[in-house]
Amino acid sequence: MSYWYYPGCSLKSNGKPYEESLLAVLRALNVPVRELDDWNCCGATSYMSVDEVQAFSLAARNLALAEQACRQTTEKGVPQLIAPCSACFLVLTKTQRYVEQHEHLARRVHAGLRAVGLEYRGEVRVRHPLDVFINDIGLRRIADLGKKRLDGMKVACYYGCQVVRPFATFDSAHNPTTMDRLVQALGAKAVQWPLKTRCCGGTLTGTIRDVGLRLSQVLLQEAVRRGVDAIITVCPLCQFNLECYQQEIGRTFQEPIRVPVVFLTQLMGRAFGIPEADLGMGRLFVPLEPALAPHEGGQPAHA
Amino acid sequence: MFKRMIGSDVPRPAQRIPRPGEIRRYIAYESDLDPGFGELIARKAYGEKLFSCIQCGTCGGTCPVSHYMDYTPRKIIAMVREGFRDEVLHCVTIWLCASCYACTVDCPREIKITDVMYALKQEAMAQGVYPRRFSIPVLAREFFAGVLRDGRSNELPMMIRFFLKTNPLRMLQNAPVAWRLWRTGRLAWRQERTRQRDSVGTLLRAAKSAEDGDAP
């Protein structure tokens, strides 16, 4: 099986710690990935609001590139395109589905691709890292490598919107559990947290600040109430909203909040014993280490 | 608890009795409506089920931003299919939708409400029906233009243009976050670009022109 990695724009800028830790974790698990050559932006939610045909065509170029790259190798099988960003994952998945279901859209997308010498046959599979971890690598291998190093740690697993909605390809749209199962395999406790798929506000934090900050504040407040050591997420925008705006949120709602918000892969990396520097830990605004320290080495926190 | 959740971050307008000159008609006549609007949006949104909405209100109940909206998603669906074109295109609801798809997965009639919101945003953008410096469409436009130029989205130049075109003072408000991002190496100065940028443009133009003469 050949894995291609589609970073998307966020993982090259504010989501850098996600890219660094994801690649480090996949290396530790002996899963080879290659970055898709000359990829372009997926279009995200903004493109959809301006022009839909162009939005789908933009995403389809990446799908066509992945198929082309796979054909140029001697490997058999369907190319697996890993899209770690929630928006990229959703847009690429949505493009596949809509092009398959709506003939008039397919005609235009194919016409666009033909104009630049590309072809999309619908052979590529878009995968989320959570899906790859659970279904391809398996909890057992992850647990073996992790050696319960996170024992006693309490975390809130935050999935955000677009990983499981609207296409619940590998987990439930209403109560996803893949991330909970992963951190539990590493020894941590995932708290019951009904807001795990509630929207963080997305780009509203930049556009209508009061509304965006409020949506993030509700999430942070409810996680803190459950006494978590950290919030774990798999979306660069969720991580950005929940972590980078904590000071602003505290000031706006007159209730200071300070809780680490880290990428799942950063936590996995620590559980695997990967050095901090390789996991982009230095890029966090609220460091994870103080929360981690009492738990490392399998020492129960409350012993 | 209720007050805590809702908060007072966006103050509600003070109520007052309108003066005689301000009294206006609140009920639309049939002649005010655009009878084809519902069909148009249904087609654009791949939402042929729009007309099977049972007005249960699940969408508004599950929507995380509905308490900031002028019309709830349920009302939007009802208004779209009855042809309240101007009211719908001038409301704030369509712009507040953050595309979280909660309503889409919960709708008992399987109406793709998020896609309906996208169709309405596209329609409003195409007709230029939004306040000139209104942040959400401006951001969407800047994002669109940036990707067309570079093939990828570059946060720093996009946000600078965005604030200049909406409210430059907001740049100061966001300076602390930008500074912290810069210090942690999360705000890239070097721009990300697709090598074959021209081909991205060609592709988009070709897809777009294939659309002409073959409307959905």
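What is the number of the single condition among (1) more than 12 Å from chain B (Cβ to nearest Cβ); (2) buried (at least 23 other Cβ atoms within 10 Å of the Cβ) that residue A:71 does not meet?
Just one mismatch for residue A:71, condition (2).
So which residues in region A:37-68 are more than 7 Å from every other protein chain (Cβ to nearest Cβ), hydrophobic (A, V, I, L, M, F, W, C) and either touching a Cys at 6+ places or on another chain (Cβ under 6 Å) or surrounded by fewer than 20 Cβ atoms within 10 Å (Cβ to Cβ) (or both)?
If the condition is that a residue be more than 7 Å from every other protein chain (Cβ to nearest Cβ), hydrophobic (A, V, I, L, M, F, W, C) and either touching a Cys at 6+ places or on another chain (Cβ under 6 Å) or surrounded by fewer than 20 Cβ atoms within 10 Å (Cβ to Cβ) (or both), then A:42, A:59 are the ones that fit.
When region A:251-286 is examined, which residues are found to be assigned to a helix (DSSP H, G or I), in contact (Cβ under 8 Å) with a residue 40 or more places away in the chain and more than 13 Å from chain B (Cβ to nearest Cβ)?
If the condition is that a residue be assigned to a helix (DSSP H, G or I), in contact (Cβ under 8 Å) with a residue 40 or more places away in the chain and more than 13 Å from chain B (Cβ to nearest Cβ), then A:264, A:265, A:266, A:267, A:268, A:269, A:270, A:271, A:278, A:279 are the ones that fit.
Take the residues in region B:152-194 that are of a type in the set (Val, Ile, Thr), within 10 Å of chain A (Cβ to nearest Cβ) and under 23 Å from residue A:213 (Cβ atoms), then tell me which one is surrounded by the fewest Cβ atoms within 10 Å (Cβ to Cβ).
The extreme case among them is B:184.
Given the criterion more than 30 Å from residue B:202 (Cβ to Cβ) and at pLDDT below 95, identify the matching residue among A:151, A:144.
A:151
Criterion first (within 24 Å of residue A:57 (Cβ to Cβ), among the hydroxyl-bearing types (Ser, Thr, Tyr) and facing chain A (nearest Cβ under 10 Å)) does residue B:135 satisfy it?
The answer is no for residue B:135.
Looking at residue A:152 and the list (1) closer than 14 Å to residue A:268 by Cα; (2) in contact (Cβ under 8 Å) with a residue 40 or more places away in the chain; (3) of a type in the set (Gly, Ala, Ser), which single condition is not satisfied?
(1)
Do we have any residue at all in region B:144-151 that's under 30 Å from residue B:75 (Cα atoms) and facing chain A (nearest Cβ under 8 Å)?
There is at least one residue in region B:144-151 that is under 30 Å from residue B:75 (Cα atoms) and facing chain A (nearest Cβ under 8 Å).
List the residue pairs whose Cβ atoms are under 8 Å apart, where the first residue sits in region B:14-32 and is in contact (Cβ under 8 Å) with a residue 24 or more places away in the chain, the second is among the basic types (Lys, Arg) and loosely packed, with under 10 Cβ neighbours inside 10 Å, and the two are 6 or more positions apart or on different chains.
none
Say we look at region B:115-127 and pick out the residues that are in contact (Cβ under 8 Å) with a residue 12 or more places away in the chain and more than 7 Å from chain A (Cβ to nearest Cβ); which of these is farthest from residue A:165 (Cα to Cα)?
B:127
The values are calculated or read from the model by the stated rules, or taken from the named source; none is laboratory data. Since this is a predicted model, take the numbers as computed values, not measurements. Every residue, glycine among them, receives a Cβ derived from its backbone with ideal geometry; neighbour counts consider all protein chains shown.
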